[in-house]
Amino acid sequence: DGVVVSEKMESNKLDMEVTESEAETKRKGAEQESIRESDSNILDVSSDSPREKHISIQRQLADLEKLADLNEAEKKPCPLCPEEKFKACYNHKLHRHLQNLHWKISVEFEGYRMCICHLPCRLIKPNVVGDQMFSKMGAHYHCIICSATITRRTDMIGHINRHVNKGETESRFITAPAPKSSHEVLKESDADVQVHPNYSTPQKTDSYFNPKMKLNRQLIFCALAVLCEERKPIECLDAFGATGIMGLQWAKHLRSSVKVTINDCNENSVMMIRENCHLNKMKVIPKTKEDDTGEAIEDGEENIGTIEVTKMDANVIMHLRSFDFIHLDPFGTSVNYLDAAFRNVRNLGIVSLTSTDISSLYAKAQHVALRHYGCNIVRTEYYKELAARIVIAAVARAAARCNKGIEVLLAVALEHFVLVVVRVLRGPSPADDSAKKIKYLIHCQWCEERVFQGESNMVEENPYEQLPCDCHGSMPGKTAVVLGPLWSGALFNTGFLRRMLLETVQYGLEETQPLLKTLICEAECTTSKQFSIHVSADENKQVAVCLVVYFKLSGFIALLCGPGKRKSNEAIRNATKRPKFENSSEHPAFYYNIHRHSIKGMNMPKLNKFLSYLSEAGYRVSRTHFDPMGVRTNAPLAQFKTILVKYSTPTYTGGQAEGTVHLTEDLQVGDHFQAAVDDKAGDGEILEDDRSGVPATITKDCSAACAAD
């Protein structure tokens, strides 16, 4: 019995060793197979469990043919089509079917081909025919990353590109941790930011970064730096952070003078902002104690500043908290956030907004401007300034709804954006004053003369009498349109612009200085100003100290008058006094383009010489940043054209002196003939005007000039 038991135990041990060896071989085979599959598959970001790629995703056409076993001389069905769509056939026909139908219209990504699939993976809406219901199968593609089924090829390409922009392209079958996706690092004004691929296309990335908006960011930084000279510390908000570049520049240069809050409602953008804060050695302030994990700077690194990063809707955070400086830069219009911005902004604070919906503001989509801003506009020669006044009018209405008025500090309209910076003045009186500056504009479509309507609420019998031109009396039909409502006040604050120019010198922002010089000249409507940008550090400190003392003194006077006492007129004037260096008279509204009012066949003078001619005639004149060939002046359009034609020279040689003399003397007969000259000169002829009694010599000379040209 003992011998038999020992033999049975030895046989059981042998069986256990055999089973363990077989299990080990199977385990090794499974690991090798998983490793082979890891080299040919992509990450599925929607789930953490491994999966097999769909049979429609192959590297080569030969791999797709292996699924059909084309080597055997038998009829084989298509592996990607149901039997009712494609019946079994021989090798040559099946090969042609796979190549022309599935492989040729596939979507390629990182060496793989996502072929079109006709299998019942995606059901289409069933069709009811009589009493029977048929569920039609639709052709579709299988995403190699997230296993989504998409019908159209173009949609599939866009779907893959969105995964690439988000960095979701790592292999998910590799057991080792996947490497982080590489981000491009850009540097601007000593601030480093990581960006995704296609960072300059807002539709294709969450963290949008536009290098062309560098000038915009520098102007906003200068405005914030000027506000920091008035009071410290300042709580400022970047409501749409994206990459966080603007808030990083604020915290890096202004240091302890500002408390920066960067907000964004997108989770990916918030993660990118936090990474950029650590990249610039900034400490991220957690909202709660629970969020304190992983936000501290690594040991051995110096902490430059602190930034608070929040994830919520912009309207929500502006309703919950109060700020001294708020910047709005959404994708498109910003009218949806104006009410929340003026809700809790502090007194004498600054609100800046960047509008990038230039298609509607520049009168290319007039129905959109009517929908967003409630404004009727047409395309004019001064369309950029018109866009700035549209935005300011919307800002003034939003501030008035919160019993606040505005003081426009800066309005810039360039190719890509419209930037408006305003100071907030609390109280119903400033709100009423701001609301009174919103008016309608009468625009002549013949000569492009324009004038704001009067403040009277009475209906006028003949609104054309407000226009300086006589186009309505000399031209048939209706010649003018009403545009607006628009902001009719000043667009610039000269004192604030001068202080911004000092800040550009202090922080070395040389790219912004030429624009600020142009804005100062435009605000004063002069061309003779000379600016010295080489300011010593001592002088700059003296100016800053004087400004701070001036503001503190005005605030102290305001505190002397208690809330329960009625303030006298003198106390009110002293309490609201702020340092202003601008002229008492505002700059003229709008500008003229000399090319739009020149006569064909005549060489007009150089722009700088023409400005001196207008100045010698006794008019205020300056160039404008809205248009490189624009002239801002208080001269009427008739005098503007008279001086322009007076100093223009004909392009032909014969009869040069005679033609110039006749044209100069007889131009004062009527403005409507000049409009006819402008319109007919493009056709090569100038017609005679019987109503004004213009001599035929002008017509002959001008027509001869056009013919010679």
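The values are calculated or read from the model by the stated rules, or taken from the named source; none is laboratory data. Model, not experiment: these values are computed from the prediction. Cβ sites come from the backbone with ideal geometry, for glycine too, and all protein chains shown count toward neighbours. Ligands, DNA and RNA are excluded from the accessible area calculation, which covers all protein heavy atoms including side chains. Shrake-Rupley method; radii C 1.70, N 1.55, O 1.52, S 1.80 Å.
For the stretch 513-545, enumerate the residues that are over 23 Å from Arg231 (Cβ atoms) and either assigned to a helix (DSSP H, G or I) or modelled with pLDDT of 95 or more (or both).
The answer is Gln513, Pro514, Leu515, Lys517, Thr518, Leu519, Ile520, Cys521, Glu522, Ala523, Glu524.
Would you please name the residue that is farthest from Val421 (Cα to Cα), looking only at residues in the stretch 464-484 that are open to solvent by 20 Å² or more (accessible area, probe 1.4 Å) and assigned to a strand (DSSP E or B)?
Per the criteria, the residue is Ala480.
So in the stretch 460-504, with the set limited to residues that are in contact with a Ser or Thr (Cβ under 7 Å, 6 or more places away or on another chain) and touching a residue at least 40 places away in the same chain (Cβ under 8 Å), which one is farthest from Leu515 (Cα to Cα)?
The residue in question is Cys471.
Can you pull out the residues in the stretch 89-114 that are assigned to a loop (DSSP other than H, G, I, E, B) and either under 17 Å from Ile57 (Cα atoms) or in contact with a helix residue (DSSP H, G or I) (Cβ under 8 Å, 6 or more places away or on another chain) (or both)?
Lys104, Ile105, Ser106, Glu110, Gly111
Could you list, in sequence order, all residues of the stretch 206-226 that are more than 24 Å from Gly167 (Cα to Cα) and free of Cβ contacts under 8 Å to residues at least 60 places away in the same chain?
Selection gives Arg217 alone.
Can you tell me how many residues within the stretch 225-244 are open to solvent by 10 Å² or more (accessible area, probe 1.4 Å) and under 16 Å from Tyr507 (Cβ atoms)?
1
Taking the stretch 419-436 as the search range and keeping residues that are open to solvent by less than 10 Å² (accessible area, probe 1.4 Å) and assigned to a helix (DSSP H, G or I), which one is farthest from Ala523 (Cα to Cα)?
That would be Ala431.
If a residue has to be farther than 12 Å from Lys259 by Cα and part of a helix (DSSP H, G or I) to count, how many in the stretch 225-246 make the cut?
Residues meeting the conditions: 7.
Regarding Tyr337, is this residue at pLDDT 95 or above, out of contact with any Ser or Thr (no Cβ under 9 Å at 6 or more places or on another chain), open to solvent by 50 Å² or more (accessible area, probe 1.4 Å) and of a type in the set (Phe, Trp, Tyr)?
no
Identify the single condition in (1) in the same structural domain as Gly247 (by the TED database); (2) more than 14 Å from Asn263 (Cα to Cα) that Ala365 does not satisfy, given that it satisfies every other one.
Every condition holds for Ala365 apart from (1).
Can you name the residue in the stretch 341-356 that is of a type in the set (S, T, N, Q) and buried (at least 19 other Cβ atoms within 10 Å of the Cβ) and is also nearest to Ser322 (Cα to Cα) among such residues?
Here the residue is Ser352.
For the stretch 433-460, which positions are over 30 Å from Ser474 (Cα atoms) and touching a helix residue (DSSP H, G or I) at 6+ places or on another chain (Cβ under 8 Å)?
Those that are over 30 Å from Ser474 (Cα atoms) and touching a helix residue (DSSP H, G or I) at 6+ places or on another chain (Cβ under 8 Å): Ser434, Ala435, Lys437, Ile438.
Among the residues of the stretch 437-455, count how many are farther than 13 Å from Arg389 by Cα and part of a strand (DSSP E or B).
So the answer is 5.
Is it the case, given these coordinates, that Val459 is open to solvent by 60 Å² or more (accessible area, probe 1.4 Å), modelled with pLDDT under 90, in a helix (DSSP H, G or I) and outside the structural domain of Glu385 (by the TED database)?
No: the conditions fail for Val459.
Quick one: which residue in Tyr383, Tyr362 is open to solvent by 30 Å² or more (accessible area, probe 1.4 Å), among the hydroxyl-bearing types (Ser, Thr, Tyr) and closer than 25 Å to Lys212 by Cβ?
On inspection, the qualifying residue turns out to be Tyr383.
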